[in-house]
Amino acid sequence: MNAPLRRARIDLDAYRSNLDLVRGWMEPVEVMAIMKADAYGHGLEPIALAAVDAGVRWIGVLTVPAALRLRSIGVGEDVHLFTWQHDPALDFRDAIDSAVDLGVSNTAELQRVIDAVDQRPARVHLGVDSGLHRDGATPDAWPELVSLAVYTHLAESSDDDDSAAVAAFDRAVETAEDLGLDVPMEHVAASLAGLERKEFRKDMVRMGANLFGIPGADGVSAADLGLEPVMTLTASVAKTKRVPVDTGVSYDYTYRTASETTLALVPVGYADGVPRRAQGRIEVAISGKRYPIAGRVAMDQFLVDVGDDEVRVGDPVVLFGTGEHGEMTVLEWGDALGTIGEEVTCRIGARVPREVVGHEVEGRVGVYLREQP
Amino acid sequence: MSAFTGITVDREALIANYATVSERVSPAGIIAVVKANAYGHGAADAARAFVDAGAEWLGVADIDEGIALRRAGIDEGVRILAWLHAPDEDFRRAAQYDVTPAVSSVSQLAAAADSEVPAVHVCVDTGLSRNGAVESEWAELFETAGRLARSGSRTRVEGLMSHLSNASRADDLDQDAALQRALDGLAANGITPEIVHLAASAASIAVPETRHDAARVGLALYGLSPFDDRTSADLGLRPAMRVTAAVLRTVPVAAGEGVSYGYTWRAATDTRLAVIGLGYADGFDRDFGNRVSVRIGDRMFPVVGRVAMNAMHIDIGEADVRVGDEVVLWGDPADGDPAVEDWAAAIGTINYEVVARVGRSVERRTT
């Protein structure tokens with residue numbers, strides 16, 4: 001067996017630790033662990049099983065197919081699986097049969113849910129659009145809707161905007177109650193607002209990025225908050241070469257060596273999630289020392305200029321991680337690339353195997369992983 | 001009827017592009033490059049289309065990609081070449097699955113021979129400074145190859161390859177001259193490779209001298225142009241990838257209201273937005289917001305606000321757009337669809353990156 005060229009290590013201990021921390025902050029409010037987008041690129045199934053084992057009873061997965069996937073690997077109905085983005089062609093019957101919680105934001109969608117009800121009642125959350133204009137019904141359309149709970153989604157903008165959004169949400173709840181609807185549960189805030197604004201928490205807070213060790217607020221690192229990054233992206237040096245001064249490197253020769261030097265080839269490219277614009281912005285760590293990307297990032301690989309240092313084929317390269325071994329964190333990648341950490345982890349590609357650590361061999365995660373081909 | 005959300009790959013376009021490129025590079029052959037999930041098009045289906053179009057060679061980056069193709073049913077009558085290897089690669093799996101490795105060092109050549117891989121290509125660095133043995137390493141590498149041949153090894157050096165920088169025509173021709181030195185070096189050790197390949201899409205069209213026995217063509221086979229001053233149509237190619245999404249909902253927005261995270265866009269007048277379920281987690285850059293347009297029916301509409309993790313917003317004004325309607329992100333401009341090159345230019349990159357980074361979460365179908 002050969003070591004993979006590239007891998008993303010997913011540390012479930014870190015995930016659990018973040019979960020404990022966040023649940024402590026939010027106590028007594030319930031935390032919904034958001035795992036949309038394949039758990040932000042970390043791999044849905046192991047994260048979900050770890051969260052359930054740690055006592056999480058609300059999981060948000062965006063789509064019904066993702067929720068059904070979790071039911072199929074043994075996530076029982078004592079765990080709420082919340083979904084809120086539905087293809088217009090989706091048949092809701094399987095979701096209702098499997099007790100999947102459905103976020104619904106317009107009457108046509110709600111009618112499709114009602115039409116799909118047969119033996120079991122549907123579990124519906126009514127979505128209010130309080131300003132983000134993504135999910136949820138606008139105030140005009142709101143009075144038509146009936147539900148088990150209400151939720152909305154804050155645009156993480158200025159405080160004024162968020163306050164306006166919460167006010168809109170509160171008005172919607174009031175309207176619903178005036179119309180005779182008993183609203184047993186309200187959830188409004190996603191990660192950032194949930195942390196900073198206690199009055200936004202309502203009955204439940206939806207937490208995603210924080211649980212993966214990616215804080216959302218400007219200028220706050222994971223370490224500042226006590227969060228641990230869950231994903232570490234690594235590769236092995238695939239080749240080294242000694243080249244003379246003024247050697248052009250990679251496409252269009254956008255980098256030229258300043259002196260005789262050693263180049264190390266890292267077999268991770270833009271198809272794997274290192275953007276082409278990373279040249280000049282990203283440094284990787286080899287044996288605890290940082291080196292800049294030299295030349296254009298290609299589809300499958302890039303080079304680093306390691307000078308006269310002893311770097312050998314097979315040496316581990318850490319692209320991002322906890323920062324403990326001199327590497328950048330995913331938050332620093334986001335800053336350097338003009339984006340956010342979530343985009344970085346979500347876009348780590350399919351060619352990068354996820355290696356899950358921090359679980360018991362005989363636990364549910366261990367058994368699940370062993371059953372995979 | 002609700003529109004399909006995902007990538008539709010036009011198999012006929014792949015086959016037609018293969019024929020077009022084939023004719024252009026003839027008498028040189030083609031190694032059809034299907035690495036990185038066939039530049040996002042879906043490796044197995046794309047490989048099958050190229051094989052049906054007559055491809056005898058497929059190219060992938062690593063052995064795992066080659067094995068995945070074998071498992072998907074690409075049979076051993078079709079050769080698969082892989083050139084990027086793990087440091088401890090022993091090439092046993094390459095032998096088992098009949099994936100032909102390109103070797104860049106004495107140790108890789110020796111490991112391939114130990115595993116009795118039937119054929120290897122030697123990969124040399126002629127200037128790109130990337131994969132491939134640098135010129136100072138050639139003598140030892142070529143001598144090792146010669147010794148293996150004389151000792152009756154079951155591993156034969158079948159090919160010689162290098163990769164161009166596309167920095168300029170002169171730079172590419174310098175690399176071609178270096179490749180000739182490598183050929184001379186191999187000849188001095190009694191080895192004449194049957195298949196010499198250097199050019200990829202760009203040079204196979206622009207620098208005919210670099211074609212040799214085969215061109216390793218990826219981008220052009222998917223119908224995309226490797227040049228910023230020539231379109232697909234200029235090259236007689238048909239973009240094979242069409243990305244569409246169903247409208248999930250429409251929502252009225254009053255003048256002055258903001259949209260999506262951080263409110264990077266605010267409505268200038270009362271308008272309506274259409275929401276689609278593709279976002280940055282699906283491979284659509286967060287920065288596309290406010291910079292690209294999509295097609296709905298016969299009209300173009302701007303994407304507004306930041307692209308979210310699983311959604312983007314389109315300003316549809318008063319147009320008659322309904323839930324389930326088809327939104328075209330990009331496709332073949334000859335059919336009136338937006339060009340992927342417009343998306344690439346919007347964020348300062350190239351078409352290769354935009355298509356190759358569409359994520360695994362996006363459903364792909366080949367028609």
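Among the residues of the range A:81-89, not a single one is away from every other protein chain (no Cβ under 14 Å), surrounded by 23 or more Cβ atoms within 10 Å (Cβ to Cβ) and closer than 22 Å to A:Thr322 by Cβ. Total residues in the range A:68-124 satisfying the condition of being modelled with pLDDT of 90 or more and either assigned to a loop (DSSP other than H, G, I, E, B) or not assigned by TED's automatic domain parsing to the domain that holds A:Asp135 (or both): the figure is 19. In the range B:270-293, the residue that is surrounded by the most Cβ atoms within 10 Å (Cβ to Cβ) out of those that are in contact with a Gly (Cβ under 6 Å, 6 or more places away or on another chain) and more than 7 Å from chain A (Cβ to nearest Cβ) is B:Asp282.
One line per residue, one yes/no per condition, for (1) free of Cβ contacts under 8 Å to residues at least 40 places away in the same chain; (2) not charged (D, E, K, R):
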position	(1), (2)
B:Phe4	no, yes
B:Val9	no, yes
B:Leu14	no, yes
B:Ala19	yes, yes
B:Arg24	no, no
B:Ala28	no, yes
B:Ala44	yes, yes
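Taken across the range B:329-339, residues that are within 9 Å of chain A (Cβ to nearest Cβ) and either over 20 Å from A:Ala137 (Cβ atoms) or not aromatic (Phe, Trp, Tyr) (or both) do not occur at all. For the range B:80-106, a residue qualifies if it is surrounded by fewer than 20 Cβ atoms within 10 Å (Cβ to Cβ), more than 8 Å from every other protein chain (Cβ to nearest Cβ) and of a type outside the set (Val, Ile, Thr), and the qualifying residues are B:Arg92, B:Ala95, B:Gln96, B:Tyr97, B:Asp98. Can you find a residue in the range B:137-152 that is surrounded by fewer than 24 Cβ atoms within 10 Å (Cβ to Cβ), modelled with pLDDT of 95 or more and within 11 Å of another protein chain (Cβ to nearest Cβ)? Yes, that holds for at least one residue. Taken over the range B:22-43, the criterion of being within 14 Å of chain A (Cβ to nearest Cβ), out of contact with any His (no Cβ under 9 Å at 6 or more places or on another chain) and not polar (S, T, N, Q) is satisfied by B:Val33, B:Lys35, B:Ala36, B:Ala38, B:Tyr39, B:Gly40, B:His41, B:Gly42, B:Ala43. When B:Ala55, B:Ala94 are screened for being among the aliphatic types (A, V, I, L, M), without any contact (Cβ under 8 Å) to a residue 60 or more places away in the chain, closer than 26 Å to B:Ala145 by Cβ and in the same structural domain as B:Asp213 (by TED's automatic domain parsing), only B:Ala94 passes.
Quick check on A:Leu319: is it over 19 Å from A:Pro229 (Cα atoms), of a type outside the set (D, E, K, R) and touching a strand residue (DSSP E or B) at 6+ places or on another chain (Cβ under 8 Å)? No: the conditions fail for A:Leu319. Only one entry in A:Gly41, A:Gly60 is within 14 Å of chain B (Cβ to nearest Cβ), crowded, with 23+ Cβ neighbours inside 10 Å, within 14 Å of the chain's Cα centre (by Cα) and farther than 18 Å from A:Gly341 by Cα, namely A:Gly60.
With respect to the conditions (1) within 22 Å of the chain's Cα centre (by Cα); (2) touching a residue at least 40 places away in the same chain (Cβ under 8 Å), A:Tyr270 lacks only one, and its number is (2).
Only residues that are free of Cβ contacts under 8 Å to residues at least 60 places away in the same chain and of a type in the set (A, V, I, L, M, F, W, C): list them for the range A:307-347, please. If the condition is that a residue be free of Cβ contacts under 8 Å to residues at least 60 places away in the same chain and of a type in the set (A, V, I, L, M, F, W, C), then A:Met328, A:Trp333, A:Ala336 are the ones that fit. Entry remark, the range B:29-49: residues being in contact with a helix residue (DSSP H, G or I) (Cβ under 9 Å, 6 or more places away or on another chain), in a strand (DSSP E or B) and within 15 Å of B:Ile74 (Cα to Cα) number 2 in total. Within the set B:Ala240, B:Ala203, B:Ala267, the sole residue that is within 30 Å of B:Ala311 (Cβ to Cβ), hydrophobic (A, V, I, L, M, F, W, C), touching an Asp or Glu at 6+ places or on another chain (Cβ under 9 Å) and within 14 Å of another protein chain (Cβ to nearest Cβ) turns out to be B:Ala267. There is no residue in the range B:160-167 that is more than 24 Å from A:Leu263 (Cβ to Cβ), in contact (Cβ under 8 Å) with a residue 12 or more places away in the chain, surrounded by 24 or more Cβ atoms within 10 Å (Cβ to Cβ) and away from chain A (no Cβ under 14 Å). Of the strands (runs of 3 or more DSSP E) lying entirely inside the range A:208-297, those containing at least 1 residues that are surrounded by fewer than 19 Cβ atoms within 10 Å (Cβ to Cβ) and at the interface with chain B (Cβ under 8 Å from one of its Cβ atoms) are A:239-243.
Being within 20 Å of B:Asp332 (Cα to Cα) and within 14 Å of chain A (Cβ to nearest Cβ) is the filter; apply it to the range B:1-21 and report the residue that is surrounded by the fewest Cβ atoms within 10 Å (Cβ to Cβ). Within the range B:1-21, the match that is surrounded by the fewest Cβ atoms within 10 Å (Cβ to Cβ) is B:Phe4. Selection over the range B:102-137 of residues that are polar (S, T, N, Q) and under 24 Å from the mean Cα position of the chain (by Cα) gives a count of 4.
Only one of the listed residues (A:Pro46, A:Pro65) is part of a helix (DSSP H, G or I) and under 23 Å from A:Glu362 (Cβ atoms). That residue is A:Pro46. For the range A:2-37, filtered to residues that are without any contact (Cβ under 8 Å) to a residue 60 or more places away in the chain and under 23 Å from A:Glu360 (Cβ atoms), the residue that is nearest to the other protein chains (Cβ to nearest Cβ) is A:Arg23.
If only residues of the range A:298-314 that are within 28 Å of B:Asp285 (Cβ to Cβ) and acidic (Asp, Glu) are counted, the one that is nearest to the other protein chains (Cβ to nearest Cβ) is A:Asp300.
The conditions of being touching a residue at least 24 places away in the same chain (Cβ under 8 Å), more than 24 Å from A:Arg242 (Cα to Cα) and out of contact with any His (no Cβ under 8 Å at 6 or more places or on another chain) are not met by B:Thr144. For the range A:288-313, a tally of residues being within 18 Å of A:Glu327 (Cβ to Cβ) and not aromatic (Phe, Trp, Tyr) returns 13.
Scanning the range B:174-188 for residues that are free of Cβ contacts under 8 Å to residues at least 12 places away in the same chain and touching an Asp or Glu at 6+ places or on another chain (Cβ under 8 Å) turns up nothing. Name the residues in the range A:133-156 that are in a loop (DSSP other than H, G, I, E, B), at pLDDT below 65 and among the hydrophobic types (A, V, I, L, M, F, W, C), would you? Within the range A:133-156, A:Leu145, A:Val146, A:Leu148, A:Leu154, A:Ala155 qualify. Only a single criterion out of (1) of a type outside the set (Ser, Thr, Tyr); (2) in contact with a His (Cβ under 8 Å, 6 or more places away or on another chain); (3) under 21 Å from A:Asn210 (Cα atoms) is not satisfied by A:Val64, namely (3).
The values are calculated or read from the model by the stated rules, or taken from the named source; none is laboratory data. Worth saying up front: this structure is predicted, and the values here are computed from it rather than measured. Neighbour counts run over all protein chains shown; Cβ positions are idealised from the backbone, glycine included.
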